[in-house]
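What follows draws every value from the coordinates through simple rules; no lab data is involved. What you see is a predicted model; the values in this text were computed from it and never measured. Neighbour counts are summed over all protein chains in view; Cβ atoms, including those assigned to glycine, are modelled from backbone coordinates with ideal geometry.
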Amino acid sequence: MTQNQIDESVDYLNKRGFENPEIGIVLGTGLGQLIDSIENPIEAHYNHIPHFPLATVEFHTGKLIYGTIEGKSAVVMQGRFHLYEGYDFLDITYPIRVMHQLGIKKLFVSNAAGAINLEFKKGDIMLIEDHINLQGGSPLAFKNVGEFGDRFVDMSEPYDLQMRQKIEQIATKEHISLKKGVYASVVGPQLETKAEYRMLKIMGADAVGMSTVPEVIVANQLRLPIVAVSVLTDECDPDNLQPVKVQEILKIAGETEPKMIRLFKELIKEL
Ligand code: HPA
């Protein structure tokens, strides 16, 4: 990855009308309805943006959408890149660097995740307060990382406290029950064994998923304030583990997304 490549990606997007977005939003698996709230949308397919990771066949819908949400300009990633698709840490975090260079001031991240904390139920939304990186690598472990910011990035408060407080207030006002907790990221794509769920619980994880952490690490290097939520799609009870189907995960994500959209839109309004 070079600065030149990022410049060329941004150039392409600028020419298509992606101008000074204030907010960047990453939509997780099964979470795509927010795009219906974008006014005057302009789209750029990942495959057309110079230097973007080449999308796989099943990923042909991946695109960046620029427009207005609640009166603020935003750029939205519909679909993200995952390690389990064969991309590397630099690939999956490249769009974050591009959105940063486009000018975003805040980053909103969402994902679908399994509930490790069994007080949480499927269909709940969890505000991510902290994370555990179990993906076996870092998006900052490359030779010229110093050209893009610090190498030894501080992670004492990776999720912006102010936005967390705001979104909690919004949840109360909107009567949305918002859980809070620690998100653990694994590579996947296989789901976890009972023994792994027990381990995750002992480690202090409240939810588990296959994304988000690399993007959050890079956003911290770029000093972008982040707010991130998990849509809990299944309950990971090692003593009573039910087989999960991806179709079911997608269904619950879709059913739960309207709550997430309300939280995000109100937060955008208040920024
Ligand atoms: N693990 C378990 N359940 C899940 C996951 C995961 O990574 N993602 C969504 N539900």
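Were the residues from Glu270 through Glu196 laid out at 0.36 nm apart, the gain over their Cα-Cα distance would be 22.7 nm. From helices alone, the chain scores -10000 deg cm²/dmol at 222 nm; the rule is -39500 (n - 2.57) for each run of n ≥ 4 DSSP H residues, then divide by the residue total.
Amide H contacts under 5 Å for Lys63: Tyr46, Gln78, restricted to partners 5 or more places along the chain or on a different chain, H placed in the peptide plane at 1.01 Å from N. When the stretch 88-226 is described by a simple charge dipole with +1 on each Lys and Arg Cβ and -1 on each Asp and Glu Cβ, the residue from Ile116, Tyr197, Phe142 located farthest towards its positive end is Ile116. Distance from the alpha carbon centroid of the stretch 122-175 to that of the stretch 188-206 works out to 20 angstrom.
The spread of Cα positions in the stretch 34-121, taken along each principal axis and listed from longest to shortest, comes to 41, 33, 23 Å. Full extension of the chain between Asp130 and Arg262 yields a length gain of 45.3 nm, computed as 0.36 nm times the residue separation minus the alpha carbon distance. Taking every alpha-carbon pair within the chain, the share separated by more than 26 Å comes to 37 percent.
Would you please state the base-10 log of I(q)/I(0) at q = 0.12, 0.13, 0.20 1/Å for the stretch 21-173, with intensities from the Debye formula using one equal scatterer on every alpha carbon? Taken in order of the listed q values, log10 I(q)/I(0) reads -0.60, -0.71, -1.66. Backbone N atoms of the stretch 199-233 closer than 17 Å to the 7 Å Cα→Cβ label point of Ser177 belong to residues 207, 230-233. In percent, what relative contact order does the chain have, based on Cα pairs under 8 Å that are 6 or more apart in sequence? In percent, rounded to a whole number, it is 26. The angle separating the long axis of helix 3-15 from the principal Cα axis of greatest extent in the chain is about 80 degrees.
Given q = 0.28 Å⁻¹, what are the Debye log10 I(q)/I(0) values for the stretch 135-197, with equal point scatterers placed on the Cα positions and solvent ignored? Values returned for q = 0.28 Å⁻¹ are -1.17. Dipole check for the chain: with +1 at the C-beta of Lys and Arg, -1 at the C-beta of Asp and Glu, and the Cα centre as origin, the magnitude is about 240 Debye. Given the options Ser185, Val213, Ile65, identify the residue whose Cα lies farthest towards the positive end of the charge dipole of the chain (+1 on Cβ of Lys, Arg; -1 on Cβ of Asp, Glu). Result: Ile65, furthest along the dipole toward the positive end. Sorting the segments 163-174, 214-225, 113-124 by their residues' average number of neighbouring beta-carbon atoms within 10 angstrom, most packed first, yields 214-225, 113-124, 163-174. Shown here are the Rg and Dmax of the Cα trace of the stretch 170-265, at 14.8, 42 Å.
Across the stretch 123-194, Cα pairs under 8 Å and at least six residues apart give a relative contact order of 63 percent. Pick out which of Leu83, Leu34, Leu241 has the largest mean-square fluctuation in a Gaussian network model of the chain, springs linking Cα atoms closer than 10 Å. In the Gaussian network model the winner is Leu241. Relative to the Cα centre, the charge distribution of the stretch 69-226, modelled as +1 at Lys and Arg Cβ and -1 at Asp and Glu Cβ, gives a dipole magnitude of about 240 debye.
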